[in-house]
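Participant: Can you keep this structure in mind? I'll have questions shortly.
The values are calculated or read from the model by the stated rules, or taken from the named source; none is laboratory data. Being a predicted model, the structure only gives us computed values, none of them experimental. Cβ coordinates were reconstructed from backbone atoms using ideal geometry, including for glycine residues, and neighbour counts include every protein chain displayed. Keep in mind that these areas ignore ligands, DNA and RNA; they rest on the heavy atoms of the full protein, side chains included. Shrake-Rupley method; radii C 1.70, N 1.55, O 1.52, S 1.80 Å.
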Amino acid sequence: MDYTNFPKHDVLCIDMRSFYASVECVKQGLDPMTTMLAVVGDKSRSGSIILAASPELKKRHGVKNVSRYFELPDDPNIYVVEAKMGDYLQVSVEITKLLHQYVPKEAIHQYSIDELWVTIDGLERLYGNRWNVAQQIKDELLDTMGLTCSIGIGDNKFLAKVVMDLYAKKTGIAECTYEDVKTKLWPVPVEDIWGIGTRMKRNLNRIGIVTLEQVANFPLERLKKRFGIMGEQLYWHAWGIDLSPVLGDFQNEQKGFGHGITLLRDYEQHEVFACILDLCEEVCRRARTAHQAGRTIHLGISYSLETGGGFHRSRSIELPTNVTMDVYHVCIQLFHKFYDGTSKIRKVSVSLEQLYDDQETQLDLFENRTKKKDIGYVMDQIRERYGPTSLLRATSFTDGGVTLERSKKIGGHKA
């Protein structure tokens, strides 16, 4: 492969090690690398998932982030704390602010709350080569926030991310250039490569592909024919080539607004309507905030674990809407049409898609659409000023309502 015609940048992929657990350790004045600490969603529930485990807890007891609270070993040296998502979001923002001191905001691509890419092209005169920049960032995060990180260095985002996953998590900092692809990436099993999941691994194994080298040497046309555009991407990634932008606005275009919840208990049919209304309210609030309205309304219902099953159905309406009761009425129609009539319910989701700008309201002879929309915007303004629970529908206070409990959480966990 001749790499001379492909772009070459200085890209860092930074991953904060055991982020939630490390933040909790720092809050308590403990060393994140030597303390055994687990972050759980809810200490009152023995089946609560362990959201994060410190490196020492993983090393000594083999605890994983998908383990359950009751699976923790009986060790008095283990600290157990409940997740505080608001704290983690704030620390994540502070990390981004720190990196903004090195590069402009268009050079920072936030991948998740604890992982991001940073393009450091042109910093050599100020800080030295990209290894020096990576080490300086790593040291500053430790000195100012007490947090450790792993940093992958690459000629593009893909190489930085993969070398971080494969090597930097063990060594702290690792680098992969175009010239290193054959020695550092080709021997690796395909399932260890970022972007290749269990299903793709199984499909690749069926055609005799086990390592990344075999992907690179497989005919491109055959990969495209079998896997479509994903096959083409696999081929170029196997050669270390990634043309995704490293500078710019990395905000994805909004395709829809959705909100879902896994209920803390099984709901009966008559209880779920309050939950659906609360979800419709949240979805429409988010749409109004973005000045968007949608034509396609989707309702998802999953039954209890005992029975399994459920349904996901959608319906398109003639005029775009972001009015809560419009969306709710369609959801109720879908529910009555597809609900089996007996099963208890454990998960509910609502989404509004096929978006349009909410700039004009088409007049209707039979209802005042403008007034309905204005009421929603006024309710949003009151909640923004006085808090999300300052103005609620009466159903939110019933046993089936979920807004009051959700208002105390971020991302489904305590704020």
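Participant: Look through THR289, THR324 and report the one residue that is within 29 Å of ARG385 (Cα to Cα), open to solvent by 60 Å² or more (accessible area, probe 1.4 Å) and touching a residue at least 40 places away in the same chain (Cβ under 8 Å).
Facilitator: Result of the check over THR289, THR324: THR289.
Participant: Same structure again: Take VAL133 and tell me if it is modelled with pLDDT of 95 or more, in contact with a Leu (Cβ under 7 Å, 6 or more places away or on another chain), open to solvent by less than 10 Å² (accessible area, probe 1.4 Å) and of a type in the set (A, V, I, L, M).
Facilitator: Numbers: modelled with pLDDT of 95 or more: yes; in contact with a Leu (Cβ under 7 Å, 6 or more places away or on another chain): yes; open to solvent by less than 10 Å² (accessible area, probe 1.4 Å): yes; of a type in the set (A, V, I, L, M): yes.
Spelling it out, VAL133 is indeed modelled with pLDDT of 95 or more, in contact with a Leu (Cβ under 7 Å, 6 or more places away or on another chain), open to solvent by less than 10 Å² (accessible area, probe 1.4 Å) and of a type in the set (A, V, I, L, M).
Participant: Moving on. Condition (residue is open to solvent by less than 50 Å² (accessible area, probe 1.4 Å), modelled with pLDDT of 75 or more and assigned to a helix (DSSP H, G or I)) applied to the stretch 381-388: is it met by at least one residue?
Facilitator: Scanning the stretch 381-388 turns up at least one residue that is open to solvent by less than 50 Å² (accessible area, probe 1.4 Å), modelled with pLDDT of 75 or more and assigned to a helix (DSSP H, G or I).
For every residue, the table says whether it meets (1) open to solvent by 30 Å² or more (accessible area, probe 1.4 Å); (2) not in a helix (DSSP H, G or I).
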residue	(1), (2)
ILE276	no, no
THR296	no, yes
LEU299	no, yes
HIS336	yes, no
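Participant: With ILE120, ILE209 as the choices, which residue is open to solvent by less than 40 Å² (accessible area, probe 1.4 Å), touching a residue at least 40 places away in the same chain (Cβ under 8 Å) and of a type in the set (Val, Ile, Thr)?
Facilitator: ILE120 is the lone residue from the list that is open to solvent by less than 40 Å² (accessible area, probe 1.4 Å), touching a residue at least 40 places away in the same chain (Cβ under 8 Å) and of a type in the set (Val, Ile, Thr).
Participant: Could you list, in sequence order, the residues of the stretch 1-53 that are over 21 Å from TYR167 (Cβ atoms), open to solvent by 60 Å² or more (accessible area, probe 1.4 Å) and not aliphatic (A, V, I, L, M)?
Facilitator: Hits for the stretch 1-53 are ASP2, THR4, ASN5, LYS27, GLN28, GLY29, ASP31, THR34, LYS43, SER44, ARG45, SER46.
Participant: Out of ILE276, ILE261, ILE297, which single residue is in contact with an Asp or Glu (Cβ under 9 Å, 6 or more places away or on another chain), touching a residue at least 40 places away in the same chain (Cβ under 8 Å), of a type outside the set (D, E, K, R) and under 23 Å from ASP374 (Cα atoms)?
Facilitator: Residue meeting the stated conditions: ILE297.
Participant: Any residue that is open to solvent by less than 60 Å² (accessible area, probe 1.4 Å), of a type outside the set (Asp, Glu) and within 23 Å of MET145 (Cα to Cα) - is there at least one of those in the stretch 60-77?
Facilitator: no
Participant: Which residue, of LYS161, LYS169, is within 25 Å of SER22 (Cα to Cα), open to solvent by 20 Å² or more (accessible area, probe 1.4 Å) and part of a helix (DSSP H, G or I)?
Facilitator: LYS169
Participant: Considering (1) closer than 30 Å to THR144 by Cα; (2) touching a residue at least 24 places away in the same chain (Cβ under 8 Å); (3) of a type in the set (Gly, Ala, Ser), say which one GLY29 fails and leave the rest.
Facilitator: (2)
Participant: If you go through the stretch 215-232 one residue at a time, how many are in contact (Cβ under 8 Å) with a residue 24 or more places away in the chain and either out of contact with any helix residue (DSSP H, G or I) (no Cβ under 6 Å at 6 or more places or on another chain) or open to solvent by 30 Å² or more (accessible area, probe 1.4 Å) (or both)?
Facilitator: The qualifying residues number 2.
Participant: Among the residues of the stretch 389-415 satisfying the criterion of being assigned to a helix (DSSP H, G or I) and among the polar types (S, T, N, Q), which is modelled with the lowest pLDDT?
Facilitator: Restricting to residues being assigned to a helix (DSSP H, G or I) and among the polar types (S, T, N, Q), the top hit is THR403.
Participant: If I ask for residues that are within 18 Å of ILE375 (Cα to Cα) and either modelled with pLDDT of 95 or more or touching a helix residue (DSSP H, G or I) at 6+ places or on another chain (Cβ under 6 Å) (or both), which ones from the stretch 330-365 would you list?
Facilitator: THR361
Participant: Scan (1) open to solvent by 30 Å² or more (accessible area, probe 1.4 Å); (2) in contact (Cβ under 8 Å) with a residue 60 or more places away in the chain for the single condition ALA107 breaks and write down its number.
Facilitator: (1)
Participant: Restricted to the stretch 184-206, and to residues that are open to solvent by 70 Å² or more (accessible area, probe 1.4 Å) and under 26 Å from ILE137 (Cβ atoms), which residue is nearest to the chain's Cα centre (by Cα)?
Facilitator: TRP194
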